[in-house]
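Here is the structure we will look at.
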Amino acid sequence: MATFVLFGGTGDLAKRKIIPALFSAFVNCRVDKDFSFIGAAREKIDDAEFRKRVEASITTYASKDGAPDPEKVQAFLALTFYAKIDAREATDFESLKQRLHTSETNATLFYLATGPDIFIPIVEQLSKHGLVEGNARVVVEKPLGRDAQSAKEINQSLRCYLKENQIYRIDHYLGKEMVQNLLALRFANLFLEPLWNRKWIQDVQISIAEQVGVETRGDFYDHTGALRDMVQNHLLQLVSIVAMEPPVNANPDAIRDEKVKVLRALHKFTPEEVSKKTVRGQYRAGAVDGKPVIGYHNEAGVPGNSRTETFVAIRAEINNWRWAGVPFYLRTGKRMASRSAEITINFKPIPYSIFGQSQGPMRSNRLVISLQPEESVELFMKAKEPGEGIRLSDVALNLDFAEASNQRRVESYERLLLDAMHGDLTLFVRDDELSAAWEWIDPIMNAWKNDSEGLKSYIAGSWGPAAASYLLAQNGAAWGEEFVDN
Ligand code: BG6
């Protein structure tokens with residue numbers, strides 16, 4: 001793909017994630033020789049002003065290992081341009097067309113990092129101007145829609161102008177190294193598969209905890225909430241990969257065929273079940289990492305009486321032969337005690353201990369796949385502590401080879417941008433997956449709308465409302481951090 005056009009080019013996501021990812025792909029010679037980058041937005045600025053902003057974004061966010069090479073930055077800026085575009089102004093698209101190379105080999109990747117309300121106007125204009133023919137591809141950011149119905153309408157409209165294989169619905173969690181490693185772990189090894197089911201697994205926990213609050217996105221966030229922002233997409237994508245059946249091969253559609261079956265098998269809650277199996281919370285003032293932080297109500301752009309959730313915990317169930325009866329505990333929240341994204345597979349306890357109860361912690365075997373802050377895969381087993389007598393302790397077999405590898409780590413946005421440029425749809429979400437995810441979310445959202453009592457508050461810097469612990473305690477389970485003997 002030669003030309004990369006970024007709608008929402010002056011926005012927060014562009015600044016923090018997309019431009020740095022693009023720059024990294026450029027520096028590592030992963031873009032085509034005739035690559036160029038056009039930022040598009042409504043603001044009336046020129047190329048020079050846009051380049052200044054791009055440079056600032058690269059300097060602030062691009063390099064974790066020191067300042068970026070100034071020569072490379074200048075080379076990247078020389079290929080960077082700006083187009084003032086209002087999604088509803090046909091003439092703006094006419095000028096964009098003039099700036100684009102539209103031959104077959106020079107196909108364009110359009111990235112819509114805007115609100116979903118203008119996806120269709122943009123795609124309609126691109127289509128009217130003949131810009132999505134041939135090899136053109138369109139990446140659309142989440143959240144795609146607000147519920148099952150609006151997502152369906154957006155998908156239908158997108159397909160009026162584009163073929164399904166031109167649509168790249170991005171979920172950046174799918175670009176994380178460990179998510180792909182999970183596929184390798186599950187389907188390139190023999191020993192896990194016989195254990196990967198209701199017979200041997202007690203429960204599965206998927207937790208994405210963030211320390212940040214809503215930052216500069218108060219207004220957007222308040223209209224979205226954690227259920228739409230994180231559960232509908234990132235958490236459910238992780239569920240589908242953990243729970244899917246082995247696909248027939250590693251082609252995008254074979255994998256997505258299996259993922260969608262999991263999403264369809266998720267048990268849809270009745271309103272009564274929603275109140276028993278979900279917890280929602282909102283942070284109030286507290287301290288994160290020892291520093292005081294304000295409560296959600298005082299964040300810029302958030303109304304003082306907002307009832308939007310910043311924390312969600314759910315006890316989900318998958319109705320199929322592999323998983324019937326195995327709770328999938330899902331949790332996400334802002335302003336939590338630490339930043340971590342983890343999948344924990346808790347295996348069942350041994351049937352009987354010949355060592356008695358007093359020989360150390362008896363927490364069962366577990367496989368912990370950590371996506372961040374560090375990537376790791378650890379299988380916790382029991383072993384004897386060295387010394388006299390038998391005392392058991394938890395020992396982690398570390399399955400991660402990352403440290404041993406010299407390969408450059410590719411950030412999720414860069415990986416996904418490159419995949420879209422190379423036409424690989426494996427790590428993008430298909431329309432049926434998206435619909436199935438929304439159909440599971442809708443009953444929860446609707447029940448919450450009708451329940452004015454359910455929102456709990458939690459102190460910023462904690463692990464969320466106590467009700468989230470109770471959700472697991474009812475089944476004799478606990479979140480990872482609640483175990484004394486980890
Ligand atoms: C985004 C959400 O999709 O993911 C944000 O909109 C959230 O609210 C972010 O902060 C988390 O991503 P990561 O990769 O930092 O865990």
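The values are calculated or read from the model by the stated rules, or taken from the named source; none is laboratory data. These numbers were taken from a predicted model, which means no experiment stands behind them. Backbone-built Cβ (ideal geometry, glycine too); neighbour counts: all protein chains shown.
Candidates in the range 21-61 are the residues that are assigned to a helix (DSSP H, G or I) and of a type in the set (A, V, I, L, M); of these, the one that is surrounded by the most Cβ atoms within 10 Å (Cβ to Cβ) is Leu22. The sole residue among Val239, Val274, Val212, Val262 that is in contact with a Ser or Thr (Cβ under 8 Å, 6 or more places away or on another chain) and of a type outside the set (S, T, N, Q) is Val262. Flag: Ala300 matches the condition of being within 16 Å of the ligand (Cβ to nearest atom), touching a residue at least 24 places away in the same chain (Cβ under 8 Å) and under 29 Å from Ser338 (Cβ atoms).
Scanning the range 328-368 for residues that are part of a loop (DSSP other than H, G, I, E, B) and surrounded by 22 or more Cβ atoms within 10 Å (Cβ to Cβ), we see that the one that is nearest to the ligand (Cβ to nearest atom) is Lys334. Looking across the range 410-453, the residues that are surrounded by fewer than 16 Cβ atoms within 10 Å (Cβ to Cβ) and outside any helix (DSSP H, G or I) come down to Gly423, Asp424, Thr426, Asn450, Asp451, Ser452, Glu453.
Does Glu374 satisfy the condition of being out of contact with any helix residue (DSSP H, G or I) (no Cβ under 9 Å at 6 or more places or on another chain), within 16 Å of the ligand (Cβ to nearest atom), not β-branched (Val, Ile, Thr) and not in a strand (DSSP E or B)? First the steps, then the outcome.
Working: out of contact with any helix residue (DSSP H, G or I) (no Cβ under 9 Å at 6 or more places or on another chain): yes; within 16 Å of the ligand (Cβ to nearest atom): yes; not β-branched (Val, Ile, Thr): yes; not in a strand (DSSP E or B): yes.
For Glu374, the condition - out of contact with any helix residue (DSSP H, G or I) (no Cβ under 9 Å at 6 or more places or on another chain), within 16 Å of the ligand (Cβ to nearest atom), not β-branched (Val, Ile, Thr) and not in a strand (DSSP E or B) - is met.
A single entry from Gln205, Gln211, Gln180 fulfils the requirement of being more than 25 Å from Gly295 (Cβ to Cβ) and touching a strand residue (DSSP E or B) at 6+ places or on another chain (Cβ under 6 Å): Gln205. Sub-7 Å Cβ pairs linking a first residue in the range 162-191 that is farther than 20 Å from Glu414 by Cα and touching a residue at least 24 places away in the same chain (Cβ under 8 Å) to a second residue that is outside any loop (DSSP other than H, G, I, E, B) and charged (D, E, K, R), at least 6 apart or interchain, are Glu164/Asp431, ordered by first then second residue. The residues in the range 303-327 that are crowded, with 16+ Cβ neighbours inside 10 Å, aromatic (Phe, Trp, Tyr) and more than 16 Å from the ligand (Cβ to nearest atom) can be counted, and the count is 1.
Taken as a whole, the structure places Ala2 among residues that are surrounded by 17 or more Cβ atoms within 10 Å (Cβ to Cβ) and modelled with pLDDT under 90. Just one of the numbered conditions (1) more than 28 Å from Gly145 (Cα to Cα); (2) among the charged types (D, E, K, R); (3) outside any strand (DSSP E or B) is not true of Glu215: (1). Residues in the range 69-96 that are closer than 18 Å to Lys33 by Cβ and among the aliphatic types (A, V, I, L, M): Ala75, Leu77, Ala78, Leu79. Set side by side, the residues Gly286, Gly295, Gly281 differ, and just one is out of contact with any His (no Cβ under 8 Å at 6 or more places or on another chain), within 16 Å of the ligand (Cβ to nearest atom), over 22 Å from Arg16 (Cβ atoms) and of a type in the set (Gly, Ala, Ser), which is Gly281.
Please determine, by comparing only the residues of the range 460-486 that are buried (at least 19 other Cβ atoms within 10 Å of the Cβ) and not small (Gly, Ala, Ser), which one is nearest to Lys277 (Cα to Cα). My answer is Leu471. In the range 216-237, the residues that are touching a residue at least 40 places away in the same chain (Cβ under 8 Å) reach residues that are among the polar types (S, T, N, Q) and not in a loop (DSSP other than H, G, I, E, B) with C-beta atoms within less than 7 angstrom, at least six apart or across chains, in these pairs: Ala226/Thr332; Met230/Thr332; Val231/Thr332; Leu235/Thr332.
For the range 213-232, filtered to residues that are under 24 Å from Ile343 (Cα atoms) and of a type in the set (D, E, K, R), the residue that is nearest to the ligand (Cβ to nearest atom) is Asp229.
Anything in the range 20-30 that is closer than 11 Å to Leu417 by Cβ and at pLDDT 90 or above? List them, or say none. Matches in the range 20-30: Pro20, Ala21, Leu22, Phe23, Ser24, Ala25, Phe26.
Figure legend. Inter-residue proximity from the range 426-454: first residues more than 16 Å from Gly281 (Cα to Cα), second residues of a type in the set (Phe, Trp, Tyr) and not in a helix (DSSP H, G or I), beta-carbon distance below 8 Å, spacing 6+ or different chains. Indicated pairs: Phe428/Tyr168; Pro443/Phe269. Val31 fulfils the conditions (1) farther than 21 Å from Leu13 by Cα; (2) in contact (Cβ under 8 Å) with a residue 60 or more places away in the chain except for a single criterion, (1).
For the range 43-87, what are the residues that are of a type in the set (Val, Ile, Thr) and within 14 Å of Pro20 (Cα to Cα)?
Taking the range 43-87 as the starting set, the residues that turn out to be of a type in the set (Val, Ile, Thr) are 45, 54, 58-60, 73, 80, 85.
Matches in the range 43-87: Val54, Ile58, Thr59, Thr60, Val73, Thr80.
Could we say that Leu427 is under 30 Å from Tyr61 (Cβ atoms) and hydrophobic (A, V, I, L, M, F, W, C) here? Yes. Before we move on, is Ala113 in contact (Cβ under 8 Å) with a residue 40 or more places away in the chain, out of contact with any Cys (no Cβ under 8 Å at 6 or more places or on another chain), aliphatic (A, V, I, L, M) and within 16 Å of the ligand (Cβ to nearest atom)? Yes, satisfied.
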